[in-house]
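Worksheet: the structure to be examined is printed underneath.
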Amino acid sequence: MIALPQSALSTRSHERLSARYGFIPTTEIVDAFSREGWTLTSANEAKVRHQSRQGLQRHLLRFAHESQLQLGIKERIETILINSHDGTSSLQIGAGIFRMACANGIVIADNTVASIRLGHHKLNMDTVLNSAHTILGQAEKVSEVIEGWKGTQISEEDAFHLAEQGIKLRWPEAESRPITARVALAVNRSADAHNDLWTTFNRVQENIIRGGQSDLTRISPRGKHFRATRSVKSLAENVRLNKGLWEIASQFAQ
C-alpha cells in the first residue's frame, strides 16, 4: 500500500489564505478516486524552506485506473494529480505513462494531452472527478502516440540531436553539462537496444532524470571530471523535464 506524504494528509489550508479558498483534503480525493476505480501507485511531495508551509506544500500523486490495470500491457496510462494547500499551486490533473521495463514515470506534455488546472476557488469534488475522467478518456490517444513512436525509426544523427536537446533542457549552461549525448543514449537493458523513437526517448529520459551517469570526456571549468549525475529530486523539476523531453521527442514524430 502506498503511503501518502504529510502534505496530502493535511486537514487544513495555510492560514494566510482567505475564506474564498476552496479547501478539499487530498485524502478525500484519494478516497473518491478509489471508489471510481483508481488505485494509488505513487506519491511524493516538494521540499519547502519555510516551516509555515511544511505539511501543506505541493504534492504529486499517480493513479492507475482499473481499465488500464486489466490490459496487461508494457505501458499503462496513469492519471496524475498535483495539489497543494499553501496556495502555491492550482489543483492539476494530467496524464502520465508508467513503463514496466524500468519503472520510470513519464509525464505527458500538454501538446498531446492537455492537463486540467482547477483553481481552488469554487472547487468541488464533482469537478475534480469529471476532470479525471476527461483525462482517462484520452488514454486511447496516448496509446496511439506510443505505437506511432514505436513504429518510427530514427537515425543516429537524430538520436544524438534528441539527446543533446534533453541534456540542454536539464543543464542549460554548456560548461555545466556533465554528460554528452553518447552517455544520455546509453542502453541499460537489452530490451532498450532498439532505434525506434519510443525506445530512444525512454533511454534519454531515464539517463537524464534518474542520475548515476558518468562521462570521462567532460571536464568542468575547474579542470576536473564531473561527478556522477544526481537524480532529479525536485517535484516541479521532474515534471518540467518530463514534459520538455516529451515535447522534444514529439518533433521527431512529425
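Note on region 117-249: semi-axes of the ellipsoid equivalent to its C-alpha gyration tensor, largest first and rounded to whole Å, are 32, 21, 11.
Across the accessible surface of region 155-231, with the other protein chains kept in place and a 1.4 Å probe, carbon and sulfur atoms take up 48 percent.
Extending 7 Å from the Cα toward the beta-carbon at both residue 27 and residue 126 defines two label points whose distance is 2.6 nm.
Could you grab the relative contact order for the chain? Cα pairs under 8 Å, six or more apart, rounded to a whole percent. Mind dumping the intermediate values first?
Numbers: 434 pairs, mean separation 39.2, N = 254.
Computed over the chain, the figure is 15 percent.
Considering only 133, 85, 65, the Gaussian network model of the chain with Cα springs below 10 Å gives its largest mean-square fluctuation to 133.
For the Cα atoms of the chain, what angle does the longest principal axis make with the long axis of helix 156-170, in degrees from 0 to 90, nearest 10? Around 50 degrees separate the two axes. Whose amide H sits under 5 Å from the amide H of residue 99, counting only residues 5 or more places off or on another chain, with H placed in the peptide plane? Distant-sequence amide H within range of residue 99: 104, 106. Taking a straight line from the alpha carbon of residue 224, these lysines sit under 26 Å away, with near neighbours fewer than eight places off in the same chain left out: 168, 233. Here is the tail figure for the chain: Cα pairs spaced more than 27 Å apart come to 41 percent of all pairs. Cα centroids of region 180-254 and region 1-72: 29 Å apart.
The values are calculated or read from the model by the stated rules, or taken from the named source; none is laboratory data. Quantities reported herein were computed from a predicted structural model and do not represent experimental measurements. As a convention, Cβ positions derive from the backbone with ideal geometry for all residues, glycine included, and neighbour counts pool all protein chains shown. These area figures cover heavy atoms from the full protein model, side chains too; ligands, DNA and RNA do not enter into them. Shrake-Rupley method; radii C 1.70, N 1.55, O 1.52, S 1.80 Å.
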